[in-house]
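Down below is the structure, laid out as structure tokens.
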Amino acid sequence: MATEEDRSHPSGAEPPNALSDAVQQQIRVASRNGRYALAVAVLAAVAALLSSGVSAWTSVHVSSTEIDRQERLARHQALRADRLRAYADFVTAYLGIELQLGDLKGILIRPANNDLLQTAMTELHDSLAPYLRSSAMLHIVMSSSANAELGGINAAQDALLNGPDSLAPTLEYARDHQIATDENWPRLAAAGVAAIDRFVSDTAIDEFVTAARKDVAAG
């Protein structure tokens with residue numbers, strides 16, 4: 001005898017809450033497609049982020065490299081300008097000393113005159129200050145390639161002013177004696193002239209200028 005449940009669901013019919021195989025298959029396909037679409041969307045987003053990040057890094061790297069290049073160029077130009085100015089100041093100071101030495105030599109070979117000699121000594125002393133200052137500055141900014149030439153000039157300058165064969169004995173003697181009537185003065189004056197000539201011959205300023213030009217061009 002058929003029950004109420006049997007009458008509501010005829011034989012062979014599926015219960016109303018049961019899904020057919022076809023529907024379940026479509027759901028599975030849709031689910032897979034949905035997951036695929038989601039994965040594609042996620043990958044696309046990640047790719048976009050990576051691309052943006054790479055582009056940003058590349059931009060920052062290029063900018064940083066350009067800034068470094070500009071800074072190196074600025075330092076190079078500043079150093080070159082400092083070297084050029086230091087060399088020019090030194091050569092100018094050297095020529096000032098050479099000019100004063102020429103005047104002093106002229107006084108030493110003429111008839112003795114304490115006043116003229118004292119004036120020449122004062123002017124030589126005054127010209128030494130910018131010479132020594134410019135030499136110190138040049139040591140700071142110059143490259144090692146010109147050290148030998150500058151060292152030679154400084155050694156000649158030291159020999160001019162210090163030691164028994166320098167100008168020092170001549171100038172010290174002149175301070176304490178009336179050289180116009182002193183019988184020893186001709187000998188002291190000749191020694192002073194020889195010291196000046198050695199300085200001029202030992203400085204080789206032309207070779208120094210050549211080295212300076214190379215240093216400035218390389219700096």
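The values are calculated or read from the model by the stated rules, or taken from the named source; none is laboratory data. Everything numeric here is computed off the predicted structure, so don't read it as measured data. So basically every Cβ, Gly included, is an ideal-geometry build from the backbone, and we count neighbours across all protein chains shown. Side chains are part of the model used for accessible areas, which takes the heavy atoms of the whole protein and leaves out ligands, DNA and RNA. Shrake-Rupley method; radii C 1.70, N 1.55, O 1.52, S 1.80 Å.
Brief remarks follow.
- What the phi angles of the stretch 88-101 give under the Karplus curve with 6.51, -1.76 and 1.60, with θ = phi - 60°, is a coupling list of 4, 5, 5, 5, 4, 5, 4, 5, x, 5, 4, 5, 5, 5 Hz, glycine and proline written as x.
- Inter-label distance, Leu161 to Ala88: 2.5 nm, where each label sits 7 Å from its Cα along the C-beta direction.
- Kirkwood-based Rg to Rh ratio, the stretch 77-147, C-alpha trace: 1.17
- Stretchable slack from Val209 to Ala190, in nm (0.36 nm times residue separation minus alpha-carbon distance): 3.8 nm
- Between the amide H of Ala204 and any residue lying 5 or more places away or on another chain, no distance stays under 5 Å, with hydrogens modeled in the peptide plane.
- Accessible area of the stretch 124-219 belonging to carbon and sulfur atoms, whole % at 1.4 Å probe: 55 percent
- Rounded accessible area per residue of the stretch 85-139, 1.4 Å, Å²: 53 Å²
- The stretch 158-219, accessible area per residue, ligands and nucleic acids excluded (1.4 Å, Å²): 57 Å²
- Karplus-based coupling profile of the stretch 125-134, in residue order and whole Hz: 4, 5, 6, 6, 4, x, 5, 5, 5, 5, with θ = phi - 60° in 6.51 cos²θ - 1.76 cosθ + 1.60 and x standing for Gly or Pro.
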